[in-house]
Amino acid sequence: MAQHISVRVAWHDHGWDGTVCQNPGDNNSCLRLKNISENRDDTFEKSVCGQCMTYNEEKLPCIAESSAFMSNCDLVRTTVHPYKQSNKSSHGHFLPTDIVYPAYSFVTKPFAWMMLKNIDKK
């Protein structure tokens, strides 16, 4: 029986409350985490800073890194399986999938994906 769980979440400057960071361009966590840094749109995020993430899920890669785990509303984001492009023979048929992030929930990822040596790999 599990007695403890640790979950990495991307830093959020307003308490992981389901809003876009107040100063998204200054969030070092978002610059260091590959999924966020490669897919973020600073211009868009600055235009919606402090606003609720709802209805902007497709444009906010930090949601997939649990940046809204204290949000009081569900968030929905369409996700493409990470192996779809790299293993087309076995996963190429996978379709984009709507992932529902229920209120007050977080996403877990394999521990090895979070290792510091893997964070900066591009």
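What follows draws every value from the coordinates through simple rules; no lab data is involved. All values reported here derive from a predicted model rather than from experimental measurement. For neighbour counting, all protein chains shown are included, and Cβ atoms are generated from backbone atoms with ideal geometry for every residue, glycine included.
Points worth noting:
- Among the residues making up region 87-101, those that are surrounded by 10 or more Cβ atoms within 10 Å (Cβ to Cβ) and not aliphatic (A, V, I, L, M) are N87, K88, S90, H91, G92, F94, P96, T97, Y101.
- Some residue of region 76-84 being surrounded by 13 or more Cβ atoms within 10 Å (Cβ to Cβ) and among the aromatic types (F, W, Y): no
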